[in-house]
Amino acid sequence: MSPLPEAELVRSSVQLYRYLLRCCRRLPPGPIRQHYRHAIRQSFKVHADEDDPQRIQQIIKRAIEDADWVMNK
């Protein structure tokens with residue numbers, strides 16, 4: 001099960017970015033939330049020049065799986 005029900009609607013990098021930030025809002029306030037928000041921003045910047053649609057879908061799938069793991073820990 002995904003952290004938020006909208007996970008299956010994520011198709012673009014911008015949608016993923018917004019989805020992951022919404023997931024962060026469900027984390028406890030403080031250093032943990034700040035850490036994951038920073039990691040999301042950094043990862044978005046690192047992958048900003050990615051232009052292969054298949055690779056982008058792999059990144060989206062993996063990011064949603066990782067968000068699910070973080071939310072369930």
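Quick notes on this structure:
- Residues satisfying the stated conditions in the stretch 16-61, i.e. basic (Lys, Arg), more than 17 Å from GLU6 (Cβ to Cβ) and either surrounded by fewer than 13 Cβ atoms within 10 Å (Cβ to Cβ) or touching a residue at least 12 places away in the same chain (Cβ under 8 Å) (or both): ARG37, LYS45, ARG55
- Answer residue from the stretch 1-56, given it is of a type in the set (S, T, N, Q) and more than 21 Å from MET71 (Cβ to Cβ) and is modelled with the lowest pLDDT among those: SER12
- Where ALA67 falls short, out of the listed (1) in a loop (DSSP other than H, G, I, E, B); (2) in contact (Cβ under 8 Å) with a residue 40 or more places away in the chain; (3) of a type in the set (Gly, Ala, Ser): (1)
- ARG41 being more than 13 Å from the chain's Cα centre (by Cα) and in a helix (DSSP H, G or I): no
The values are calculated or read from the model by the stated rules, or taken from the named source; none is laboratory data. Quick caveat: nothing in here was measured; it's all calculated off a predicted structure. Positions of Cβ are generated from backbone atoms using ideal geometry, with glycine treated the same way; all protein chains shown enter the neighbour counts.
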